[in-house]
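To start, the structure itself, in C-alpha cells.
The values are calculated or read from the model by the stated rules, or taken from the named source; none is laboratory data. Keep in mind that what you see is a predicted model, and the values were worked out from it rather than measured. In this analysis, Cβ positions are derived from the backbone assuming ideal geometry, glycine residues included, and neighbour counts consider all displayed protein chains. Calculation scope for accessible area: heavy atoms of the full protein, side chains included, ligands and nucleic acids excluded. Shrake-Rupley method; radii C 1.70, N 1.55, O 1.52, S 1.80 Å.
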Amino acid sequence: MDLNQKLLEVCRLFRIDYQYLGYETIQMGNVNRTYKVNFLLPEGNPKSFLVQNVNTYAFRNPVGLMENIDKVTEHIRQKKPGQLALHFHHTEDRKTYVADGANFWRMTNYVPSVTYNTASDLAVVRNAGMAFGEFQMDLADFDIGELTETIPGFHNTRQRYQKLLDSIREDRAGRASQVREEIDYLLSVQDLACRLTDMQMAGELPLRVTHNDTKINNVLFHPETKEAMIVIDLDTVMPGLMGHDFGDAIRFAANYVEEDCPEYDKVGVNLDVFRAFAEGFLSKTALTMTEAEAGTLALSCFVLTAELATRFLADYLDGDLYFKINSPDHNLVRTRCQIALARDMLRKMDQMDQIVRDCMEAAK
C-alpha cells in the first residue's frame with residue numbers, strides 16, 4: 001500500500017469522511033514522521049489535519065504516551081474553554097491512536113501558524129518562554145501520579161551517561177576509536193552534568209509536570225502578531241524538573257547556530273536570547289518556583305546540553321538507531337556542536353545566573 005492509500009485509510013479510521021486531496025510531508029522533529037493531509041469539505045472549503053507516524057523505537061510505550069497526552073490536553077482544554085488548545089482525534093472506539101502492526105498513527109487538527117527554528121526575533125523568544133512557562137502553570141494542579149513515564153529516565157543524566165558508557169563498550173558500529181576526544185570531554189564533566197539528577201534524587205528539587213522538549217519550534221506562533229498560540233509535541237510530557245524545560249529551551253534557542261552546525265567556532269550562548277526567554281518563562285513561573293529551582297536554572301542549560309551530547313554520541317556509536325539523520329556523520333556533528341555549546345555555557349555561567357536573578361526580581 002502506498003503512502004496516499006495508507007494516510008487515507010488512517011484518516012477514515014479517525015472518522016474523517018471528507019474528499020481526500022492528498023498530503024504534504026512536514027519536516028518537523030527528529031523522531032516521528034509528520035504529514036499534512038488535505039481534504040475538501042462538502043461546502044467546498046479545504047480542511048487539513050496533521051497525521052503522525054510515531055517512532056515506536058524511540059517511544060517503546062506508545063499507548064501510555066497517548067494516554068498521557070490525552071489526559072494533559074483535556075486538562076488544559078477544561079481550564080481554557082473556548083480557547084485554542086491541542087486536541088487529538090479519536091477513533092470510533094475512543095482511542096487516540098491507530099496501530100497497524102509496524103505503524104502507530106495519531107491525528108490532530110492542522111493549525112495555520114508559523115514556527116521558528118532560529119531565535120533572531122527576541123519578541124518571539126520571549127513569547128516562547130511565556131508559552132512554556134504557562135504550560136507548566138496550567139498543569140501545576142495536575143496529579144503527577146496519573147502520568148506514565150513513557151521514556152523511563154528520560155532526563156536522568158546518570159542513566160544517560162551509563163548508556164553512553166555501554167555504547168562505548170559495545171561499539172556496535174565500530175566508531176569509538178574515531179571519537180575519543182568527544183568521549184573524554186563528556187566523561188570529564190560527568191559529575192557537573194549530573195548535578196540536577198543528584199539533587200532531585202536527594203529530594204532537593206520538586207518534580208513537576210514538564211514538557212521535556214522545549215525547543216522553540218515546538219511552539220506555534222500567529223503568522224502576523226508573532227504571539228505564541230499553542231505548545232505542541234507532547235510526546236515527552238512526564239514528571240520532571242523545571243530546569244529540564246528551561247535548560248533545553250536555552251540549549252536550542254540561545255545557540256548562535258543550529259544544533260547540527262558543523263562550524264563549531266561559531267557555536268555559543270547568545271545572552272540576549274537567554275535573557276528574553278528567561279523574562280518570558282519567569283514571568284509565568286517565578287512566584288511558584290523554589291529557591292533551589294531558581295538557583296539551578298543557569299546550570300540546567302549546561303546540564304541539558306551535555307546530556308543531549310551523550311545521547312547524540314551514544315546513537316552515533318550504536319549506528320544511528322534513534323535520531324533521524326541526513327548524512328552518515330550527522331549525529332557526530334550534533335555531538336560536537338553540543339560540546340562546543342556546553343564549553344561556552346561554562347564560561348558564561350555567572351552571567352547567566354545573574355540574568356536569572358534579575359528576571360526573578362522583575363517578575364516578583
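Around Thr108, with a cut-off of 12 angstrom between Cβ atoms, what is the net charge of the other residues, counting Lys and Arg +1 and Asp and Glu -1?
0
Here are some pairs, Lys266/Lys324; Lys36/Lys163; Lys80/Lys324; Lys163/Lys226; Lys71/Lys364; which of them have Cα atoms lying more than 29 Å apart in this structure?
The answer is Lys36/Lys163; Lys80/Lys324; Lys163/Lys226; Lys71/Lys364.
For the chain, what is the relative contact order in percent, using Cα pairs closer than 8 Å and at least 6 residues apart in sequence?
With pairs under 8 Å counted, the relative contact order is 18 percent.
For Arg77 paired with Glu24, estimate the spin-label separation in nm (one decimal), with each label point 7 Å from Cα along the Cα-to-Cβ line.
Label at Arg77, label at Glu24, 2.5 nm between them.
Could you tell me which label, among (1) 41, 22, 17; (2) 33, 25, 19; (3) 41, 23, 20, carries the value of semi-axes √(5λ) of the Cα gyration tensor in Å calculated for this structure?
Derived directly from the coordinates: (2).
Would you please give the FRET efficiency between Val114 and Asn326, computed as 1/(1 + (r/R0)^6) with r the Cβ-Cβ distance and R0 = 30 Å, to the nearest 0.05?
0.85
Tell me the Rg and the Dmax, in Å, that the Cα atoms of segment 273-364 produce.
16.2, 49
Show me 202-213, 237-248 ranked by packing, highest mean number of other Cβ atoms within 10 Å first.
For the peptides 202-213, 237-248, the packing ranking is 237-248, 202-213.
Using a 1.4 Å probe over the heavy atoms of the protein chains, calculate the carbon and sulfur portion of the accessible area of the chain as a whole percent.
Reported share for carbon and sulfur atoms: 47 percent.
Return one whole number: the accessible area per residue of the chain in Å², for a 1.4 Å probe.
Computed with neighbouring chains in place, this is 44 Å² per residue.
Enter the angle in degrees (range 0 to 90, nearest 10) between the Cα long axis of helix 122-138 and the first principal axis of the Cα atoms of the chain, meaning the one along which they spread out most.
Long axis of 122-138 versus the principal axis of the chain: about 80 degrees.
Write out the trypsin sites (Lys or Arg not before Pro) in segment 72-136 meeting two conditions: DSSP loop, and at most 11 other Cβ atoms within 10 Å of their Cβ.
Arg94
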